[in-house]
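What follows is a short report on a single structure.
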Amino acid sequence: FSELLRTDPEIALVLLDELERQRAGLQLIASENFTSPAVMAALGSTLTNKYAEGYPGRRYYGGCEVVDRAERLATDRAKQLFGADHANVQPHSGASANLAAYAALLQPGDTMLAMALSHGGHLTHGSKVNFSGRWFDVVAYGVRRDTETIDYDEVRDLALRHQPKLIICGATAYPRLIDFAVFRGIADEVGAWLLADAAHTIGLVAGGAVPSPVPYADVVTFTTHKALRGPRGGAILCTDELASRVDRAVFPFTQGGPLMHAIAAKAVAFGEASRPGFRAYAEQVVANARALADALAVEGMRPVSGGTDTHLTLIDLRDLGVSGAEAENACARAGITLNRNTIPYDPEPPTVTSGIRLGTPCVTTQGMGVPEMKEIASMVAQAVGDPGAITSVAERVTRLTRGHPAYPRG
Ligand code: PLP
């Protein structure tokens, strides 16, 4: 860092300011986390210098014998951690992993059935503004109005009616467990592939805190930077039957040279996630999310579907007469980072929304537990409900994060 400070003080200052922002504020974005110094070390390494198109032992560049070891370790650890036949650790992101998975299974114009973005699905699951919505014929399912949980009868009816080639389960703002066995049954009934996009929950799967999609899905895509606590990036797990289709879909079809420094960092993260301490962390993430949802409900902030089984809670703000955008801004002024989010059947547009999404991976990594979740719920409720209280909430945020630093000072 001292070298960066000397040669490029402007960027050095950005790094320092961001470190301070992450430390001083409360980070409640459900898709973020604090990676370990070991993951950071692999990311900031000479592996970023190496071109390695291809796969270990089958590269299109010389000098890959060392980075091959990193990729083999990453794939072996991913296979072992998740009990998968095959792993591809090269996707640069979750979106790249999904692009490659679709390329492995579909042709342009094929039909896919996936969760609507407005009900918690991801952009890459068929939104019109994304490649997935432009290149495929997308049929969307959602959640029931009464339970706000996935309507499996609707999924089956739509599958029977539209005969999709691919069914996608997995979401970006869905607080409940997904019944992968039911999805498998529906996929089998109509002869579709089943893809589980486990970007949000794969860290909880690694820690045994939620059921794994691996035994049910033909392909599992995920990101490595959310609850899993690794570097930014993506990965794909699949059956032996699909291994070479998936590999060819990643390289050469959708990507060029892999990011070997990120792959080494993924290996580090998989190693960390296979240690016993990670189990306790994953269980605490879920216990904290439950405690946070319950405490927010006590504060009059209604959790969509009544609670959570995962790392996130989605809050319906309509009874408070506050929009998601207003709540996000009020929290930001108090040093609490979270995001506005559409809730199912939201009357507001996506830029405004009627909800906020809060996740517990970051605060759990900081060592916070159930008592701190109650404190956080009270701070969020105060910030959202009382504009005059922002300064005092900001002081409470500072006290809380000082006691649980994201990255210890010194
Ligand atoms: N899939 C799901 C379910 C996600 O939630 C996300 C990111 O939030 C992605 C895919 C895309 O990941 P990335 O942002 O790395 O492209």
Dividing the alpha-carbon Rg of segment 104-188 by 2.2 N^0.38 Å yields what?
1.02
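Ratio to report: Rg/Rh of segment 182-289, with Cα atoms as the point set and Rh obtained by the Kirkwood method; give two decimals.
Taking Rg over the Kirkwood Rh, I get 1.00.
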From the cross-link list 226/374; 79/128; 79/374; 79/226, which pairs have alpha carbons spaced over 30 Å apart?
79/128; 79/374
Under the span-like rule (Cα at least 18 Å along the axis, Kyte-Doolittle mean at least 0.0), DSSP H helices of the chain:
260-273, 276-298, 370-385
So which aspartates and glutamates can residue 266 reach, going by Cα to Cα under 14 Å and dropping same-chain residues fewer than 8 places off?
68, 71, 76
About its Cα centre, how strong a charge dipole does the chain have in debye, to the nearest 20, once Lys and Arg get +1 and Asp and Glu get -1 at the Cβ?
800
What percentages make up the Cα-Cα pair-distance distribution of segment 243-352 when the bins are 5 Å wide from 0?
2, 10, 12, 14, 12, 9, 12, 15, 9, 3, 1
Quick one, what does Rg over Rh come out to for segment 209-272 if you take C-alpha atoms and the Kirkwood Rh?
0.98
Built amide H within the under 5 Å cut-off of residue 197, gap 5+:
169, 170, 221
For residue 104, what is the net charge nearby, where nearby means another residue's Cβ is under 10 Å from its Cβ and Lys, Arg count +1, Asp, Glu -1?
0
Starting from the Cα gyration tensor of segment 89-240, take the square roots of the eigenvalues, sort them a ≥ b ≥ c, and report rounded, prolate or oblate (rounded when a/c is under 1.5, otherwise prolate if a/b is larger than b/c, else oblate).
rounded
Kirkwood-based Rg to Rh ratio, segment 1-160, C-alpha trace
1.06
Out of 105, 222, 54, whose Cα points farthest toward the positive end of the dipole of the chain (charges: +1 Lys, Arg; -1 Asp, Glu; placed on Cβ)?
54
Scan segment 1-92 for chymotrypsin sites (Phe, Trp or Tyr not before Pro) in coil per DSSP, keeping those whose Cβ has at most 12 other Cβ atoms within 10 Å, and list them by number.
1, 61
Counting only DSSP beta bridges fully inside the chain, the antiparallel percentage to nearest 5 is 55
Segment 43-86: C-alpha gyration tensor shape, a/c 1.5 cut-off, then a/b vs b/c:
oblate
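Where the only charges are on Cβ atoms (+1 Lys, Arg; -1 Asp, Glu), what is the dipole of segment 91-149 about its Cα centre, to the nearest 20 debye?
Computed charge dipole of segment 91-149: roughly 120 debye.
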Rg and Dmax of segment 144-191, using alpha carbons, in Å: what are they?
11.0, 30
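Evaluated at 25 °C with a viscosity of 0.890 mPa s, what Stokes-Einstein diffusion coefficient in µm²/s does segment 366-410 have when Rh comes from the Kirkwood expression over alpha-carbon pairs?
The calculation lands on 218 µm²/s.
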Pairwise Cα inverse-distance average, inverted: Kirkwood Rh of the chain (Å)
22.0
Rounded to whole angstroms and listed largest first, the alpha-carbon spread of segment 286-410 along its three principal axes comes to 48, 33, 24
By the C-alpha gyration tensor axes a ≥ b ≥ c (rounded if a/c is under 1.5, else prolate when a/b exceeds b/c, else oblate), the shape of segment 4-79 is oblate
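Just the number, please: percent antiparallel of the DSSP beta bridges in segment 169-263, rounded to the nearest 5. Don't jump to the answer; show the numbers that get you there.
Numbers: 5 of 9 bridges.
Counting DSSP beta bridges with both partners in segment 169-263, the antiparallel share is about 55 percent.
The numbers here are math on the coordinates, done by the rules we state, and not lab data. The structure presented is a predicted model; accordingly, all values stated were derived computationally and were not measured. Heads up, the Cβs are rebuilt from the backbone with ideal geometry, glycines too, and the neighbour counts pull from every protein chain shown.
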